[in-house]
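See below for the structure under consideration.
The values are calculated or read from the model by the stated rules, or taken from the named source; none is laboratory data. Predicted model, so just to flag it, every value in this text is computed and none were measured. Methodologically, a virtual Cβ is constructed for each residue, glycine included, from the backbone with ideal geometry; neighbour enumeration extends over all protein chains shown. Heads up: the accessible areas ignore ligands, DNA and RNA and are worked out on the full protein's heavy atoms, side chains in. Shrake-Rupley method; radii C 1.70, N 1.55, O 1.52, S 1.80 Å.
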Amino acid sequence: MSGILVTGATGNVGRHVVSSLAEAGHEVRALVRDPARAVLPEGVEPVRGDLADSGSLEPALRGVDRVYLMWPGIPVDPRVVTTVAGRAEQVVYLSADVPDLADGEPATIYHQEIERLIRASGMRWTFVRAIDFATNTLAWAAQIRRGVVRLPYGKAARSLIHERDIADVVAHVLTTPGHDGAKYLITGPESITQEELARTVGEEIGREVRWEDLPPEVAREQLTAAWGDPAFVEARLRAWESFTHTPERVTGTVRELLGRPARTFRSWARDHAPDFLAA
């Protein structure tokens, strides 16, 4: 085996992928925009590169045979996958809970486009399809500090996953055999309502936090202003509404792959308590 290139190496998941691989003694290269500013574990090589510029990837891929790829929501550029495939033998792509596309079927989200490009690339591949990240609840921080979270569908039951579990699965797949062509849907170990998520964070930071359901039409306006993508907002609202009567899926994939259960949301809230308390 040769080196492993980690994209998004300083992000919520990527930094843990880097740490896990480095601690296990693997040769790790971290793709970053500014190597001088990147804070990385000892022995990890920072290399300059940007997924928005496929030409910048070639130097980072020299001597690499495996790649952890995440896509930061920018427009899909097929040249990125082509460039990776020209050097690497294996790619592990951090995807989402998306259905497979039939030949010729149009993609409804960029993850499907990237998956289709990877499948056609000739590389060995694995898709780690993570359910919604627990880190997304950090968007509630300001409201939690005020003691009230105002959003729609407090009864929506979620199975959010700790970013460290995602990273542990990625590192495992990159460094052990038997995962070629797998599409692993990974989730937290339980389904918890959004109002209970907010209450749990409050308990971990020592504050009482209650949930106040916001009418969907009001939330639609506020979230569109905040996120700038009406289609994405509409999809999120539909999903949350559906989780009020059919809880978000829970899988045992983390346990099956790692031999231990996925971390609970409470453990995630405890890990991130300082982030909620910081003004």
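See the values below:
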read-out: Inter-residue pairs, beta-carbon under 7 Å, first among the hydroxyl-bearing types (Ser, Thr, Tyr) and in the range 155-167, second part of a loop (DSSP other than H, G, I, E, B), 6+ apart; value: Ser159/Ile131; Ser159/Thr187; Ser159/Gly188; Ser159/Glu190; Ser159/Ser191; Ser159/Glu248; Ser159/Arg249; Ser159/Val250
read-out: Set Phe243, Phe276: member being of a type in the set (Phe, Trp, Tyr), surrounded by 13 or more Cβ atoms within 10 Å (Cβ to Cβ), touching a residue at least 40 places away in the same chain (Cβ under 8 Å) and under 18 Å from Thr193 (Cβ atoms); value: Phe243
read-out: Among the residues listed as Arg207, Arg249, the single one being closer than 30 Å to Ala171 by Cα, not aromatic (Phe, Trp, Tyr) and not in a helix (DSSP H, G or I); value: Arg249
read-out: Condition check for Arg150: basic (Lys, Arg), within 22 Å of the chain's Cα centre (by Cα) and either in a strand (DSSP E or B) or at positive phi (or both); value: no
read-out: Test: residue in the range 15-25 that is among the hydrophobic types (A, V, I, L, M, F, W, C), more than 22 Å from Ala171 (Cα to Cα), within 20 Å of the chain's Cα centre (by Cα) and surrounded by 14 or more Cβ atoms within 10 Å (Cβ to Cβ); value: no
read-out: Test: Thr187 is surrounded by fewer than 20 Cβ atoms within 10 Å (Cβ to Cβ) and either among the β-branched types (Val, Ile, Thr) or touching an Asp or Glu at 6+ places or on another chain (Cβ under 6 Å) (or both); value: no
read-out: Single residue of Arg255, Arg238, Arg263 found to be under 17 Å from the mean Cα position of the chain (by Cα), among the basic types (Lys, Arg) and within 23 Å of Arg129 (Cβ to Cβ); value: Arg263
read-out: The lone exception for Arg199 - which of (1) touching a residue at least 60 places away in the same chain (Cβ under 8 Å); (2) in a helix (DSSP H, G or I); (3) over 29 Å from Val67 (Cβ atoms); (4) open to solvent by 40 Å² or more (accessible area, probe 1.4 Å) it fails; value: (1)
read-out: Test: residue in the range 125-138 that is in contact with a helix residue (DSSP H, G or I) (Cβ under 8 Å, 6 or more places away or on another chain), part of a helix (DSSP H, G or I) and more than 30 Å from Glu221 (Cα to Cα); value: no
read-out: Residues satisfying the stated conditions in the range 93-128, i.e. acidic (Asp, Glu) and in contact (Cβ under 8 Å) with a residue 40 or more places away in the chain; value: Asp97, Asp100
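Listed here are the residues, each with its yes/no results for (1) in contact (Cβ under 8 Å) with a residue 60 or more places away in the chain; (2) open to solvent by less than 50 Å² (accessible area, probe 1.4 Å); (3) touching a strand residue (DSSP E or B) at 6+ places or on another chain (Cβ under 6 Å); (4) of a type in the set (D, E, K, R).
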| residue | (1), (2), (3), (4) |
| --- | --- |
| Trp211 | yes, yes, yes, no |
| Trp227 | no, no, no, no |
| Ala231 | no, no, no, no |
| His272 | yes, yes, no, no |
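The rows are residues; the columns are (1) without any contact (Cβ under 8 Å) to a residue 24 or more places away in the chain; (2) open to solvent by 70 Å² or more (accessible area, probe 1.4 Å).
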site: Asp34; (1), (2): yes, no
site: Val44; (1), (2): no, no
site: Arg48; (1), (2): yes, yes
site: Asp65; (1), (2): no, no
site: Gln90; (1), (2): no, no
